[in-house]
1. Kindly indicate the residue of region A:149-176 that is part of a loop (DSSP other than H, G, I, E, B) and over 23 Å from residue A:228 (Cβ atoms) and also nearest to the other protein chains (Cβ to nearest Cβ) among those meeting that condition.
2. Which pairs do you get when a residue that is facing another protein chain (nearest Cβ under 7 Å), found in region B:49-68, comes within reach of a residue that is buried (at least 24 other Cβ atoms within 10 Å of the Cβ) and at pLDDT below 95, reach meaning Cβ atoms under 6 angstrom, with the pair 6+ apart or on two chains?
3. Kindly indicate whether residue B:7 is more than 25 Å from residue A:63 (Cα to Cα) and either assigned to a loop (DSSP other than H, G, I, E, B) or free of Cβ contacts under 8 Å to residues at least 40 places away in the same chain (or both).
4. For region B:71-86, indicate whether the set of residues that are crowded, with 19+ Cβ neighbours inside 10 Å, part of a helix (DSSP H, G or I) and facing chain A (nearest Cβ under 10 Å) is non-empty.
5. Within 11 Å of chain A (Cβ to nearest Cβ) and free of Cβ contacts under 8 Å to residues at least 12 places away in the same chain: is that true of residue B:143 in this structure?
6. I want to confirm something. Restricting to region A:87-101 and keeping residues that are closer than 10 Å to residue A:305 by Cβ and surrounded by 23 or more Cβ atoms within 10 Å (Cβ to Cβ), which single residue is farthest from the chain's Cα centre (by Cα)?
7. Restricting attention to region B:117-126, report how many residues are touching a helix residue (DSSP H, G or I) at 6+ places or on another chain (Cβ under 8 Å) and in a loop (DSSP other than H, G, I, E, B).
8. With the structure loaded, tell me whether residue B:123 is at pLDDT 95 or above, within 11 Å of chain A (Cβ to nearest Cβ) and either surrounded by fewer than 23 Cβ atoms within 10 Å (Cβ to Cβ) or at positive phi (or both) or whether it fails that test.
């Protein structure tokens with residue numbers, strides 16, 4: 001394995017950070033502090049961690065409706081992220097976006113979106129911009145198995161292929177589009193095999209194993225940066241909880257749930273890091289303690305922050321008053 | 001001053017901005033060297049600026065609009081073309097859910113310097129999927145600016161302003177005006193958004209209209225003048241932002257208002273303008289506001305049917321005569 005010890009620690013830290021962030025969100029939701037709905041990233045942490053660990057800070061990610069993990073893993077400020085989920089003025093979007101639009105541009109997040117599959121064209125355009133400006137930056141675009149059945153999937157993969165755009169298409173296959181299983185919506189064994197139709201490389205990886213995700217992404221990033229064009233990586237993973245805040249996900253068979261819960265993303269990367277002696281148990285525990293403290297203080301900041309004044313609803317429609 | 005067609009004035013505006021700022025580029029279906037745009041607006045630009053900056057795309061409207069958006073928020077200034085206004089229906093998510101809302105829902109984190117050009121209107125017997133006037137849909141979507149130039153002078157000054165604007169601009173043209181000529185200055189000029197153009201000054205009635213109907217309204221005003229009725233003709237040039245002042249001041253002077261567009265009547269921009277005027281100038285109105293629009297049907301194909309559908313000079317004149 002080519003992954004360095006330092007990178008294993010990075011992968012462990014990113015995966016755990018997303019996990020602790022989402023657990024905190026769940027707690028805050030339990031305290032009735034999160035308005036609206038939530039699409040938790042719990043269970044899929046290794047995907048965001050593995051992908052973002054293969055990117056530079058100046059690279060971009062395009063997120064989805066299940067976007068907290070992408071934003072946190074890419075390095076967004078957790079204080080502003082949590083404040084946004086709570087609808088506070090100090091939120092990264094000043095309380096205008098919430099869970100489905102959680103975004104931090106300066107951390108390299110192009111946006112989270114409430115419309116499934118709407119991020120793919122935007123990612124293609126950002127990649128076109130990187131290519132035309134000659135920046136050598138790349139774009140990683142996250143989307144789900146559900147999105148892969150939308151027209152933008154075909155349009156955007158095709159456009160990225162003909163123009164050799166520096167974009168990595170990351171499909172997070174959690175096997176359910178809300179409650180509809182992929183067996184009812186996709187005729188093929190994998191989504192990755194659709195890459196062949198666009199003459200780009202495609203592969204399937206264990207999306208709960210941050211190292212596998214990282215290695216596949218790293219190869220795709222290298223290809224993209226060198227002008228070799230896009231790739232499609234299917235990360236097979238699973239939601240620990242339901243689709244959204246009130247969904248108990250009873251439509252999933254118990255054996256299936258048990259199988260995936262036994263493949264816990266944090267435990268997997270921790271055991272790899274321990275086995276490769278990238279970390280000692282104590283170091284792993286110390287990292288957890290430090291991250292927990294960071295998340296707790298972010299939550300404290302978010303809870304104590306002010307709500308926007310009602311009339312702030314009128315700001316930011318245009319750059320200046322029209 | 002030189003007389004130029006609307007098409008050439010528009011092309012000149014695009015060309016000047018591409019020379020001024022290398023971030024500006026054009027993308028769309030058949031905009032490149034083989035075709036030069038369905039209405040030949042971009043003809044010759046690929047030869048001058050290269051195929052990267054005048055970029056032919058697959059027939060993928062939603063991704064054309066979305067990719068233009070992605071490019072706009074990461075340092076470029078795209079001018080995307082959707083070949084016919086009717087086809088923006090295929091890109092509505094990227095236009096109305098994404099581009100229009102991006103600055104707002106991300107709390108002002110990003111500007112969206114995107115121009116989306118397209119063309120509306122009938123008169124060419126190309127039927128229901130290539131002839132509609134859908135500008136009201138976008139006027140109803142907060143976050144979009146909307147330019148509706150009808151003359152060569154306006155289209156050049158407005159496209160340059162649109163390209164320099166930090167917000168998404170829907171830049172709508174009309175099929176029947178590309179060959180119309182007007183004097184255009186040699187020196188550079190820009191036209192600010194939100195400033196109407198008064199084509200005829202008058203005291204008896206105000207006629208407010210857009211696109212090809214401005215041309216028809218001018219013809220109507222000239223004929224009404226011979227009949228002793230003095231009509232003021234206002235072309236808003238942009239719908240968002242909207243020059244309310246010029247319109248309201250005119251209504252306060254004339255006391256009568258006729259609104260004329262090629263849109264189907266229900267929910268048209270004319271309905272919004274009528275509502276604004278009754279809110280802001282009710283006491284100055286001496287007669288009901290008249291609306292001259294197309295009937296609430298799809299755009300028909302056969303010439304006699306289409307001619308019946310599109311408002312003309314006579315209908316404008318008779319609407320004026322009903323209230324003057």
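The values are calculated or read from the model by the stated rules, or taken from the named source; none is laboratory data. Please read these numbers as outputs of a predicted model, since none were measured by experiment. With ideal geometry, Cβ positions are generated from the backbone for all residues, glycine too; neighbour counts draw on all protein chains shown.
1. Kept after step one, since they are part of a loop (DSSP other than H, G, I, E, B), are these residues of region A:149-176: A:150, A:163-166, A:174-175.
Those left that are additionally over 23 Å from residue A:228 (Cβ atoms): A:150, A:174-175.
Details: A:150: 9, A:174: 23, A:175: 25 Å.
Per the criteria, the residue is A:150.
2. Note: no pairs meet the criteria.
3. On the way: more than 25 Å from residue A:63 (Cα to Cα): yes; either assigned to a loop (DSSP other than H, G, I, E, B) or free of Cβ contacts under 8 Å to residues at least 40 places away in the same chain (or both): no.
No, not satisfied.
4. yes
5. Working: within 11 Å of chain A (Cβ to nearest Cβ): yes; free of Cβ contacts under 8 Å to residues at least 12 places away in the same chain: no.
Answer is no for this residue.
6. Applying the first criterion (closer than 10 Å to residue A:305 by Cβ) to region A:87-101 yields A:87-91, A:95.
Still in the list and also surrounded by 23 or more Cβ atoms within 10 Å (Cβ to Cβ): A:91, A:95.
Details: A:91: 19, A:95: 20 Å.
Checked region A:87-101; the qualifying residue farthest from the chain's Cα centre (by Cα) is A:95.
7. 5
8. Numbers: at pLDDT 95 or above: yes; within 11 Å of chain A (Cβ to nearest Cβ): no; either surrounded by fewer than 23 Cβ atoms within 10 Å (Cβ to Cβ) or at positive phi (or both): yes.
The answer is no for residue B:123.
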